1. Can you confirm whether Lys316 is away from ligand 3 (no atom under 16 Å from the Cβ), over 21 Å from Thr239 (Cα atoms) and either modelled with pLDDT of 95 or more or over 16 Å from the mean Cα position of the chain (by Cα) (or both)?
2. Taking Glu305, is it within 16 Å of ligand 1 (Cβ to nearest atom) and touching a residue at least 12 places away in the same chain (Cβ under 8 Å)?
3. Pull up the stretch 283-303, narrow it to residues that are out of contact with any Leu (no Cβ under 9 Å at 6 or more places or on another chain) and away from ligand 3 (no atom under 16 Å from the Cβ), then point me to the one that is farthest from Ala337 (Cα to Cα).
4. Pairs under 6 Å by beta carbon, first residue closer than 21 Å to Leu243 by Cα and more than 16 Å from ligand 3 (Cβ to nearest atom) in the stretch 189-208, partner among the charged types (D, E, K, R) and assigned to a strand (DSSP E or B), six or more apart or different chains?
5. Given the residues Ile226, Ile220, which is the only one that is in contact with a strand residue (DSSP E or B) (Cβ under 6 Å, 6 or more places away or on another chain) and surrounded by fewer than 23 Cβ atoms within 10 Å (Cβ to Cβ)?
6. Would you please list the contacts, defined by Cβ atoms under 9 Å and residues six or more apart or on different chains, that run from a residue in the stretch 214-229 that is more than 23 Å from Pro94 (Cβ to Cβ) to a residue that is part of a helix (DSSP H, G or I)?
7. Out of all the residues in the stretch 205-255, which are farther than 24 Å from Leu294 by Cα and either away from ligand 1 (no atom under 13 Å from the Cβ) or charged (D, E, K, R) (or both)?
8. In the stretch 244-270, what residues are farther than 18 Å from Phe417 by Cα, more than 16 Å from ligand 3 (Cβ to nearest atom) and outside any helix (DSSP H, G or I)?
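The values are calculated or read from the model by the stated rules, or taken from the named source; none is laboratory data. Quick caveat, the model's predicted, so the values are computed rather than measured. Please note: Cβ atoms are built from the backbone with ideal geometry, for glycine as well, and neighbour counts cover all protein chains shown.
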Amino acid sequence: MNRQVQSNNTSQGSGFERLDAQLRSALERGHRAAIVVLNFPDIDHARAEIGHESTDALLEEIEAEVTARGRTSDLVQALGPGKFLLHLAPIRHPAQVRLALERLADTLGKIFEAHGAAQAARLAAGAVMAPQHGYEAKKLLQHAEASAIRARDRGELLLLHVPDTGDVVSSHQAMAPRLARAIKWGELELHYQPTLCLRSGRIVGAEALMRWEDPELGSIPPDTFIAAAEATGQIFDLTQFALQNACNQLSKWNASLPQLKVAVNVTPSILTDDYFIDVLDNALSSGSAEPGQLGIEITENAIMEDRDAAHEVLLKLRNRGIGVSIDDFGTGYSSLAYLKQIPAEELKIDRSFVTGMLSDGGDHKIVEHSIRIGSSFGMSVVAEGVEDEQTLDRLRWLGCDYAQGYGICKPLDSADFEAFCLEKQTGD
Ligand code: C2E
Ligand code: CA
Ligand code: CA
């Protein structure tokens, strides 16, 4: 077992040097990395239950599994019996570490079970992110180990090292613990803004918009906390929350509002994240929502930022039957030549052109042309920000397919949204 490093002396020896080298190489390439220490705190129960020999066999199998799971760019080392060090790079968000660990815990749990030691399967891990929490392998490893011990003591699967609050923190950083708490304690909620079909006069779907009610600060606008979440790396957790909740809600509504569609907003950094599709698949697999009921809204610029990567993800969404809308259309800088190649089903005309289109000739022209462009590329067209009946009539006349806006309905919580739709149906 030449990969083994002394468990009580992890900051020395060849294992540590390898970690140091791997970390340097990741940081030099501009990658982010996670250092994770994980162990099985209840392994002694297994020894008592199934004996030393069987426990050793079990641990060997565990080690083979953990090692086999590393990507080629990852480093996995055994620190001692049932204790491992993982260096994961590149990695963008702590939530990716959690996702990977949840999966690992699942698989390893089955191995414990097969050995008749299910009661000892608890996994406790501590993680630290580089360069956010430091650059030095030695210090980072110490932090990860300390977090793993805290995770063990608190009965958590994973605890992430949070730097001491003596550090200089930006306002975004200062929001991070509040936001983390909000995600954990359910202070976030999705509201739903109806989409009206201009031909049938029916509500066919909704856009999910996130709301945050902080117990002290009151309600915080999504533009503010989404930007903060982008800066602190929590945007992955937020998107996971939105996708999971939208799918749960769709499952619940499948009885009362069948065939409803819900679209979730996704920011550029998330779209091309390695784990985005996994999170999406997880959300869809947990209920009765069909992929065709879920939509993703992405701004024009998000797609343009990293065309090839975005294109690849959009094709994956299309293959799954998930709808893609180009959000805030008209504010970006995509060329028509490129627009026609984007695998998207829908264009959403930005509300800055729609709201005042009856009084501003220029805006009216932009809306008119956007409808034509969308239709000629085979996309359906949604006008956002419709605030009055006259604008709605004009959009209908111009051949726009769908509309959204305060003039139809403001975003509502799930109960009010359901009531609104049911009332509209019976009023037909
Ligand atoms: P967006 O995607 O363009 O969402 C539409 C915004 O316009 C919403 O603001 C909505 O309440 C507002 N709106 C709808 N109809 C009207 C209208 O008739 N008049 C006016 N003046 N405004 C209208 P909200 O909810 O404050 O969201 C702002 C932005 O925050 C969204 O812009 C979106 O970019 C972002 N956002 C919201 N929820 C999420 C989320 O779950 N994930 C991500 N990544 N971004 C989100
Ligand atoms: Ca949107
Ligand atoms: Ca929009």
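1. no
2. So Glu305 fits the description; yes.
3. Top of the filtered list is Ser286.
4. As it stands, the answer is Glu189/Arg211, since those pairs meet every condition given.
5. Working: Ile226 fails: in contact with a strand residue (DSSP E or B) (Cβ under 6 Å, 6 or more places away or on another chain).
Exactly one residue qualifies, and that residue is Ile220.
6. Pairs found: Glu216/Arg178; Leu217/Arg178.
7. Glu213, Asp214, Pro215, Glu216, Leu217, Gly218, Ala231, Thr232, Gly233
8. Result: no residue meets the conditions.
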